[in-house]
């Protein structure tokens with residue numbers, strides 16, 4: 001099932017949040033591709049660069065502290 005079709009099935013409040021997030025990701029990080037992972041909407045880097053990997057590692061360290 002395509003990404004947007006899955007979000008269309010959500011309850012109103014969840015759908016509104018998912019649509020807003022989709023717009024923000026599309027504008028702020030267009031290199032991320034919308035995917036369905038385990039049936040849930042998600043975003044993925046299809047070809048992460050070393051700079052992407054460093055940024056991800058930094059975000060993980062920040063989240064864990």
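Give the residues of the stretch 21-35 that are assigned to a helix (DSSP H, G or I) and either at positive phi or surrounded by fewer than 13 Cβ atoms within 10 Å (Cβ to Cβ) (or both), sorted by residue number. Correct list: 23, 24, 26, 27, 28.
The set of residues in the stretch 11-36 that are touching a strand residue (DSSP E or B) at 6+ places or on another chain (Cβ under 8 Å) and over 20 Å from residue 55 (Cα atoms) comprises 18, 22, 35, 36. Name every residue in the stretch 37-65 that is part of a helix (DSSP H, G or I) and in contact with a strand residue (DSSP E or B) (Cβ under 7 Å, 6 or more places away or on another chain), in order of residue number. Listed by number, the list holds a single entry, 52.
Rule-based calculations on the coordinates, nothing more; no lab input. Computed from a predicted model, the values in this text were never measured in an experiment. Cβ sites come from the backbone with ideal geometry, for glycine too, and all protein chains shown count toward neighbours.
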